[in-house]
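Every number in this text was worked out from the coordinates using simple rules, so none of it is lab data. The structure displayed is predicted, hence computed values, not measured ones. Positions of Cβ are backbone-derived with ideal geometry, glycine not excepted, and every protein chain shown enters the neighbour counts.
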Amino acid sequence: MKNVVSKTFAEIVLSSMSGSRFAAEEEFIQHGSTSCLLHSIAVAYFCYRVAKKLGFIDFRLNELVRGALLHDYFLYDWHNTVPKNGLHGFSHPFTAFYNALFDFELSDVERDIITRHMFPLVPLIPLYKESHLVSLIDKLCSLYEVFARDPYNIPEIRLAHSMVLAKPVAVKAAF
C-alpha cells in the first residue's frame, strides 16, 4: 500500500520535531557555514523531494523525513569537541541515535537511518531503502555545503528552518 501523505514538507518537519531539542542544532556548525539544523532540514527536504519524484517506489515518507531530520542529532560542536567514544565521523551516528531515543519513540526504519547513514565510513550497511537514500543525500548535501557560500536558498527549506526556530526548545532532564 502506498504511503500517501498530504502534509507539506514543513508540516512534516514541525509535527515530527515538536517537544524536542531539535532547534538546538542551530547552535552548531555542520559543514562550511551551514548549521547542523539547516543541514538536517536540507537532507530531509531532498530525501522528501526524491521520494515524491520516485512515486513508483513505496517510500515510508514520514519515517524517511523524520530519520533524515534526526540523522545528525548529536547536539555538540564537532569542530572543538572530541567525543568520548572516538572520532566524530565514526561515533556521531550513535550519539545522534541515543539523543533521538531520549526525545522520541523511533521506528526500526528511523533507527536504521540514524545509525547507518555514515556507510561506508561506519561499516554498517543500511537495511532499508530510506536509509540508503538518506546516506546518499547526506553526502551530497555535505559536499555542497563545503563549497557553497549561501546554501539552500530554497523557500521550502527556509520556511521549515524558520518555523523550527520559532518553536521553543524543549528541555528534558537526563535523570
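Of 163, 17, 118, how do they rank once you tally other Cβ atoms within 10 Å and put the fewest first?
Ranking 163, 17, 118 by Cβ neighbours within 10 Å, fewest first, gives 163, 118, 17.
Once a ≥ b ≥ c are taken as the square roots of the eigenvalues of the Cα gyration tensor of the range 1-60, is the result rounded (a/c under 1.5), prolate (a/b larger than b/c) or oblate (a/b not larger than b/c)?
oblate
Taking 0.36 nm per residue of sequence separation and subtracting the Cα-Cα distance, how much length would be gained by fully extending the chain between residue 121 and residue 33, in nm to one decimal?
Gain in length upon complete extension: 29.4 nm.
Output the pairs from 52/139; 53/129; 7/53; 53/139 with a Cα-Cα distance over 18 Å in this structure; if there are none, say none.
52/139; 53/139
Please state, as a whole number in µm²/s, the translational diffusion coefficient that the Stokes-Einstein equation yields for the range 9-166 at 37 °C and 0.692 mPa s, with Rh defined as the Kirkwood radius across alpha carbon pairs.
In µm²/s, the coefficient is 214.
With a 10 Å Cβ neighbour count serving as the proxy for reagent exposure, in which order, fewest first, do 45, 76, 128, 98 appear?
Ascending number of Cβ neighbours within 10 Å: 98, 76, 128, 45.
When a footprinting reagent is the concern and you count Cβ atoms within 10 Å, what order do 162, 35 take, fewest first?
The most exposed by this proxy come first: 162, 35.
Place +1 on the Cβ of every Lys and Arg and -1 on the Cβ of every Asp and Glu in the range 1-73, take the dipole about the Cα centre, and give the residue among 70, 8, 40 whose Cα lies farthest towards its positive end.
Projecting each Cα onto the dipole axis, the largest value belongs to 8.
Kindly state, to the nearest 0.05, the FRET efficiency for residue 76 paired with residue 129, given R0 = 30 Å and r defined as their beta-carbon distance.
0.50
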